[in-house]
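We did not get these values from a lab; they are worked out from the coordinates using the rules stated. What you see is a predicted model; the values in this text were computed from it and never measured. Every residue, glycine among them, receives a Cβ derived from its backbone with ideal geometry; neighbour counts consider all protein chains shown.
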Amino acid sequence: MAIFEQINSYLDLKVLSYDELDQLAGEIRDCLIENVSQTGGHLAPSLGVVELTLALLRVYDPHKDKIIWDVGHQVYTYKLLTNRKEQFPTLRQWQGISGFPKREESELDHWGTGHASTSISAALGMSIARDLKGEEHNVIAIIGDGALTGGLAFEGMNNAGSAQSEILVIVNDNEMSITENVGALSKYLTEIITNPLYRKLKSEIWDITGKLSQVGKPIRAMARKLQESVKNLVVPGILFEELGFSYYGPIDGHNIRHLEHILAEIKEIKQPKILHVATQKGKGYKFAEDDAPKFHGIGSFNPKTGQKTDLSSRKTYTEVFGETMVELGQKYDNLVAISAAMSLGTGLFDFSRKYPGRFFDVGIAEEHAVLFGTALAAQGFRSVVALYSTFLQRAFDQLIHDAALQKIPVVLAIDRAGVVGEDGPTHNGTFDLSYLRLIPDMVVAAPKDKDELRNLLYTAINWDKGPFAIRYPRSLSEGLENNEEFRIIPPGSWEELVRGEEAVILACGSMIAPAQQAVNKLVMFDRSLGLVNCRYIKPLDEELLVTILSSYRYIVTLEENTLLGGFGSSILEFAFRNNFNKNLFLNLGISDKFVPQGGRDEILQKLGLDTDNITNQILAFLERTRNGHISNQR
């Protein structure tokens, strides 16, 4: 009989035997595979923490205790067991449940997240707040070994160790394979050091030796060295202990009985502590076990074969970038590439295989990635740092302080710019044009198609006057396959695609294609519009822009970025500075709000950035101005 059908809440877990819990873990995995095969999502991470989640919800009560997930892409089991079982088929869909923890979705999601390395700092803030308010509850942070590569995690640990407020940090290590001997020995030691009698004895001896003025100090020092020496032989916990944490583990993260026992024991230890748990990413699904990176974040797939169902003959911009990097790597032996734990996601996997000595994966450390890449560029290398737009936000200071201020020609390949889709507001890259445009000496470009991406990348690695950013969307690429010789596209040069009579659309990057379609549709309404490919957001093509503002009264700007401080703002600023007071403007883009989750095309349509909505908004704009309503619109 299926157990999962009878589980309506985490409270139902309390009465299950360990055999029933093991069966439930298998049924939950079946549910995850079935649903994620339809919606897409972060399957492998969630499969790896099923038993850990069950154990946590057996020992702790999320209505009282605070459970904080780092990154949050492993919370699917947690969501199933915290009152979202019926909603789970809507995962990552428009108006469905989020693929990450989200405070407004459930009171049991104690901290919203989507980026790595945040959990320890959040947990410490909550534990200090608990202490200040005189409350009694537990605070638990679950962080992966990958997220521990981020500097923010160590900033939080350093502060937590000195504050000595009680928190539990669970390190979910899905890269470590516990051999039988090490596993058994570490389990034995962990059983001993979490035993209440052992802790009491250790505490009393420590107190006694501390009271012996002359003898006590050397005894204490000797005991400390002996403890460190013995533990160093079998467990890698001394670093954490030096930071002020008690360290326990590593233990098998798929043994519910043992997990629950250890969690219950260390729950009574009232100080900062770390539990090191070893898990297997993709556990229980052979395709995910064999290829965890592929199933880390995946679109819809056939659960019987593990093959994606959303295949297309068209290449994505990520694929075009990756292929171009390999091609340029052959051409330039001083071309280097840097990734922040995303060699597959950014398209650099093939480059890393072909040129392993020139590829650097720095872990989840975007600030370091940009600074490291900038230093390489300063030493004469053609340095390309590939990051998602949403993660580049973390390196804002490095962009200013290290790259632009020193005019170092590092190249920033910015993937997932604009609307990402199902991953939602934590992953949408809707701010980069605005925060990059304000930085002096920063070149900012956006290609209209695959050929232009190739040539902009070629231009960027041959640019020597400062940082050069290229942003492109998470989508299939536009344009025909064209692998002709590379050509330089001079920074600040635009391309007039269509000459119009009544108005003109100034569009950039991903918005060129729908703008072109809108221009064609507007002909049917007897509207003649021009179209300019504004591939450089900074610097502007000022010479062509003067001609455009002099030739057209009606100007439409179009961008897949927030309207606040974005491309449209730059056009308005230029017009104001240069006394173009008679032009009327319509700025189309993303309004001042966070963009929700859903399919990319679906979200663009709801934002008014699809062909039909662009067409209708331009028609309404021209109609208003014809009828005497002449105010500018954003």
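In order along region 599-609, the Karplus-derived 3J(HN,Hα) couplings, from 6.51 cos²θ - 1.76 cosθ + 1.60 at θ = phi - 60°, round to x, 4, 5, 5, 5, 4, 5, 5, 7, x, 10 Hz, and Gly and Pro are given as x.
Annotation: amide H of Ile489 within the under-5 Å range of Thr459, sequence separation 5 or more or interchain, hydrogens built in the peptide plane.
Cα-based values for the chain, radius of gyration first and Dmax second, are 27.9, 98 Å. For region 70-83, 3J(HN,Hα) computed residue by residue from phi via the Karplus equation (6.51, -1.76, 1.60; θ = phi - 60°) reads 6, 6, x, 7, 10, 9, 4, 5, 4, 5, 4, 9, 10, 6 Hz, glycine and proline entered as x. Every helix of 4 or more DSSP H residues in the chain counts as -39500 (n - 2.57), and over all residues that averages to -12500 deg cm²/dmol at 222 nm. Enter the angle in degrees (range 0 to 90, nearest 10) between the Cα long axis of helix 256-266 and the first principal axis of the Cα atoms of the chain, meaning the one along which they spread out most. Result, in degrees: 80. Tell me the relative contact order for region 463-604 as a rounded percent, counting alpha carbon contacts under 8 Å between residues six or more apart. This gives 23 percent for region 463-604. Rg ratio for region 317-471: its Cα radius of gyration over 2.2 N^0.38 Å, N being its residue count, equals 0.92.
Remark: relative contact order (the chain) = 11 percent; criterion is Cα-Cα distance under 8 angstrom and separation of 6 or more residues. Counting 0.36 nm for each residue step from Glu502 to Glu136 and taking away their Cα separation leaves a gain of 124.9 nm.
Against the chain, whose longest principal axis is taken from its Cα atoms, helix 18-39 shows a tilt of about 0°. For Asn561, the residues 5 or more places off, or on other chains, whose built amide H falls under 5 Å of its own are Ile590. Counting only the Cα atoms, region 1-135 fills a convex hull of 107 Å³ per residue.
Between the alpha-carbon centres of region 50-78 and region 102-146 there is a gap of 11 Å. Dividing the Cα radius of gyration of region 496-626 by 2.2 N^0.38 Å, with N the residue count, gives 1.00. Using the average count of surrounding beta-carbon atoms within 10 Å as a protection proxy, the listed peptides 92-99, 491-498 rank, highest first, as 92-99, 491-498.
Across region 379-491, Cα pairs under 8 Å and at least six residues apart give a relative contact order of 31 percent. Listed values for region 364-371 are Karplus-derived 3J(HN,Hα) couplings in whole Hz (6.51 cos²θ - 1.76 cosθ + 1.60, θ = phi - 60°), namely 6, 8, 5, 4, 5, 4, 5, 5, and x replaces Gly and Pro.
Taking amide H atoms as placed 1.01 Å from N in the peptide plane, the amide H of Gly530 lies under 5 Å from those of Gly500, Glu501, Glu502, Ala503, Val504, Ile505, each 5 or more residues away in sequence or on another chain.
How do 57-69, 541-553, 37-49 rank on mean C-beta neighbours within 10 Å, highest first?
Listed from highest to lowest mean packing, they are 37-49, 57-69, 541-553.
Note on Gln406 and Asn616: the model spin-label points, each 7 Å out from Cα along the C-beta direction, lie 5.2 nm apart. Residue pairs exceeding 30 angstrom between C-alpha atoms, taken from Lys85/Lys286; Lys66/Lys286; Lys315/Lys354; Lys304/Lys448; Lys102/Lys521: Lys66/Lys286; Lys304/Lys448; Lys102/Lys521. Label separation (Lys286 vs Arg314): 3.6 nm, computed from points 7 Å beyond Cα along the C-beta direction. Pairwise Cα distances in region 462-568 exceed 16 Å in 64 percent of cases.
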